[in-house]
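Undergrad: This is the structure I want to talk about, given as structure tokens.
The values are calculated or read from the model by the stated rules, or taken from the named source; none is laboratory data. Remember, predicted model here, so these are calculated numbers, not experimental data. Heads up, the Cβs are rebuilt from the backbone with ideal geometry, glycines too, and the neighbour counts pull from every protein chain shown.
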Amino acid sequence: MMLENQTCVVTGASRGIGRGIAEELGRHGADVVVNYRSSEAAANDVADEIERAGGSAVPVQADVSEVQEVEAMADRVTDIYGRTDVLVNNAGITLDKKFENMTKEDWERVIDVNLGGVYNTTNAFFEDLKTADDGRLINISSVVGQQGNYGQANYATTKSGLFGFTRTLALELASTGSTANCVAPGFVETDMLEEVPERVQQKILDRIPLNRFATVDDVAGIVRFLAGPDSSYMTGQILAVNGGMEW
Ligand code: NAP
């Protein structure tokens, strides 16, 4: 129960990696805020699952790209749990197209969610992270932010952007004892990967030395480590969880 009495906010926790992270943090005693945009039933299910296992969780709707919704979420978390110790910026989308076919709208939507959302949530919870005893900011990037990827100029840009953001926030939080780190997963078995055509999935698999896609648990365990006391002297780092892919 290494996360007992810690409030952890996980954005985009109704499905995929976020769900895995929320459940893992809940299993280790955290009070978990299960943020979602539209999948209300799925988010309720995640919170129920955490509570069935003996933890505490609450689903909270907010589109992270909408500043007012994020601020309302932060107020609600304060009302329920009093403060936030750990923020996991996980919510993210793709809108894949070759650059020559990518419209300004395709570009802006991905930037608004994947980077604008990170600004909105970090800003809304920043005072809590500064004043927490050992606060934690954990950003979910991607191997695509390190390597680039065909058809993902918008997405790769947002995921690279998180490296500079994490490093800077690590410096700015350091005097408070709180840390900021980044996890860069490889290709993970979620709805996002389902959208990739099968022949492309096979090409990706051929580039992964461990010869399998990641499970959400492969990523969730690393996030639990970063959220817990064993990582207190690590900050500004990028942890690659990618089956050995080089970059
Ligand atoms: P996913 O299965 O598509 O789930 C996305 C989650 O984000 C859902 O819970 C969704 O909520 C939420 N979300 C989307 N837009 C949102 C918004 N505007 N506001 C709040 N929540 C929003 O995605 P995933 O594969 O788990 O990916 C999670 C994160 O890991 C992303 O940042 C992604 O870039 C990163 N990542 C994924 C992979 C991979 O291979 N899957 C690899 C590396 C990194 P709703 O259900 O309500 O829509």
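Undergrad: For segment 83-112, give me the residue count where each residue is farther than 26 Å from Glu4 by Cα, in contact with a helix residue (DSSP H, G or I) (Cβ under 9 Å, 6 or more places away or on another chain) and surrounded by fewer than 24 Cβ atoms within 10 Å (Cβ to Cβ).
TA: 13
Here is a yes/no grid of residues against (1) modelled with pLDDT of 95 or more; (2) more than 15 Å from the ligand (Cβ to nearest atom); (3) within 20 Å of Val223 (Cβ to Cβ); (4) of a type in the set (A, V, I, L, M, F, W, C):
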residue: Glu66; (1), (2), (3), (4): yes, no, no, no
residue: Leu87; (1), (2), (3), (4): yes, no, yes, yes
residue: Asn90; (1), (2), (3), (4): yes, no, yes, no
residue: Val118; (1), (2), (3), (4): yes, no, yes, yes
residue: Ala153; (1), (2), (3), (4): yes, no, no, yes
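Undergrad: Among the residues of segment 36-50, is any closer than 18 Å to Arg136 by Cα, surrounded by fewer than 24 Cβ atoms within 10 Å (Cβ to Cβ), away from the ligand (no atom under 13 Å from the Cβ) and modelled with pLDDT of 95 or more?
TA: No, the conditions are met nowhere in segment 36-50.
Undergrad: So, in segment 1-25, exactly how many residues are in a helix (DSSP H, G or I), more than 6 Å from the ligand (Cβ to nearest atom) and touching a residue at least 40 places away in the same chain (Cβ under 8 Å)?
TA: 6
Undergrad: What single numbered condition from (1) under 19 Å from the mean Cα position of the chain (by Cα); (2) at pLDDT below 95 fails to hold for Met2?
TA: (1) is the only condition that Met2 fails.
Undergrad: Continuing with this model, one more query. Hey, can you tell me all the residues within segment 134-144 that are touching a residue at least 24 places away in the same chain (Cβ under 8 Å), of a type in the set (A, V, I, L, M) and within 12 Å of the ligand (Cβ to nearest atom)?
TA: Selection gives Ile138, Ile140, Val143.
Undergrad: Does any residue of segment 183-197 turn out to be more than 13 Å from the ligand (Cβ to nearest atom) and either among the hydrophobic types (A, V, I, L, M, F, W, C) or surrounded by 14 or more Cβ atoms within 10 Å (Cβ to Cβ) (or both)?
TA: No, segment 183-197 contains no residue that is more than 13 Å from the ligand (Cβ to nearest atom) and either among the hydrophobic types (A, V, I, L, M, F, W, C) or surrounded by 14 or more Cβ atoms within 10 Å (Cβ to Cβ) (or both).
Undergrad: Checking the structure you have, find out if any residue of segment 121-129 is at negative phi, within 14 Å of the chain's Cα centre (by Cα) and assigned to a helix (DSSP H, G or I).
TA: yes
Undergrad: Filter segment 51-73 down to residues that are in a loop (DSSP other than H, G, I, E, B) and touching a residue at least 12 places away in the same chain (Cβ under 8 Å) and give me whichever is surrounded by the fewest Cβ atoms within 10 Å (Cβ to Cβ).
TA: If we take residues in segment 51-73 being in a loop (DSSP other than H, G, I, E, B) and touching a residue at least 12 places away in the same chain (Cβ under 8 Å), then Ala53 is surrounded by the fewest Cβ atoms within 10 Å (Cβ to Cβ).
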